[in-house]
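**Q** Provided herewith is a single structure, encoded as structure tokens, for subsequent inquiry.
The values are calculated or read from the model by the stated rules, or taken from the named source; none is laboratory data. It should be emphasised that the depicted structure is a prediction, and the values quoted were computed from it without experimental measurement. Counting neighbours? That spans all protein chains shown, and the Cβs are built from the backbone with ideal geometry, glycine included.
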Amino acid sequence: MIGSIDDFNWQWDILNENIPVADFVCAKNEHHFERFLKDSALLYQKERLAVTYVILVENKIIAYYTLANDKITMNDEEKNFWNRLTRKISNNKRRSSYPALKLCQLAVDDNYVANGFGKQIITQVVFLALEFKVGCRFVTVDALPEAESFYQIMGFVRLSDKPNPKNGTIPMYFDLGRISTD
């Protein structure tokens, strides 16, 4: 369904047992995102490890994202990235780690890709990170290599030269300090 996000009557909600997940289809990454939504998302919420937000059109999930707490910790092997990351933080406030909000999952149903829902989700995540009114300087994501350019367009920067050796994802961050909240 190629169109624009404005072409749909959509709404946000937090995933709960009353929202049907069976019809969500996302073939990316060997259906990982689809399986997470159907098999794990509510369990993560029950254990208070993460929260999944959904975008609904006519009570059907067409996109979702999952958030958890995170932190960025200095890696001695990649000081150039750490220096770039901390450059805009005053010297007396610099630390060896910084609080962050982790975008653990972001998926759009295959039938709704390229409609602007991914961009809307990033905008919502940044808004939530700012509105939580807690110490949170960054939004982090472990991007799939094929999604790196999307995250760069949305303002994320690589945290490392090297992909994660465990899963091949690319660690990235968005600096909330760039946004004026005055």
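**Q** When you check A27 against the structure, is it closer than 20 Å to A143 by Cβ, of a type in the set (G, A, S), modelled with pLDDT under 90 and under 20 Å from the mean Cα position of the chain (by Cα), yes or no?
**A** It is true that A27 is closer than 20 Å to A143 by Cβ, of a type in the set (G, A, S), modelled with pLDDT under 90 and under 20 Å from the mean Cα position of the chain (by Cα).
**Q** Output yes when any residue across segment 45-61 is within 24 Å of V126 (Cα to Cα), modelled with pLDDT under 90 and within 17 Å of the chain's Cα centre (by Cα), and no when none is.
**A** yes
**Q** So if I check each of A143, A107, which one is small (G, A, S) and closer than 23 Å to T73 by Cβ?
**A** A143
**Q** Those residues that are among the charged types (D, E, K, R) and either loosely packed, with under 14 Cβ neighbours inside 10 Å or within 20 Å of K71 (Cβ to Cβ) (or both), I need them from segment 127-152; list them, please.
**A** E131, K133, R137, D142, E146
**Q** Only one of Q124, Q105 is within 20 Å of Q45 (Cα to Cα), under 15 Å from the mean Cα position of the chain (by Cα), crowded, with 18+ Cβ neighbours inside 10 Å and of a type in the set (S, T, N, Q). Can you tell me which?
**A** After ruling out the rest, the residue left standing is Q105.
**Q** Which residue pairs have Cβ atoms closer than 6 Å, lie 6 or more positions apart in sequence or on different chains, and pair a first residue in segment 27-43 that is closer than 16 Å to N111 by Cβ with a second residue that is at pLDDT 90 or above and of a type in the set (V, I, T)?
**A** As it stands, the answer is L37/V21, since those pairs meet every condition given.
**Q** Tally time: how many residues in segment 97-126 are part of a loop (DSSP other than H, G, I, E, B) and either of a type in the set (D, E, K, R) or within 14 Å of A68 (Cα to Cα) (or both)?
**A** Qualifying residue count, segment 97-126: 1.
**Q** Same structure again: Taking only pairs six or more apart or across chains, which ones have beta-carbon atoms under 9 Å, a first residue in segment 155-166 that is under 23 Å from I121 (Cβ atoms), and a second residue that is at pLDDT 90 or above and acidic (D, E)?
**A** F156/E148; R158/E148; N164/D142
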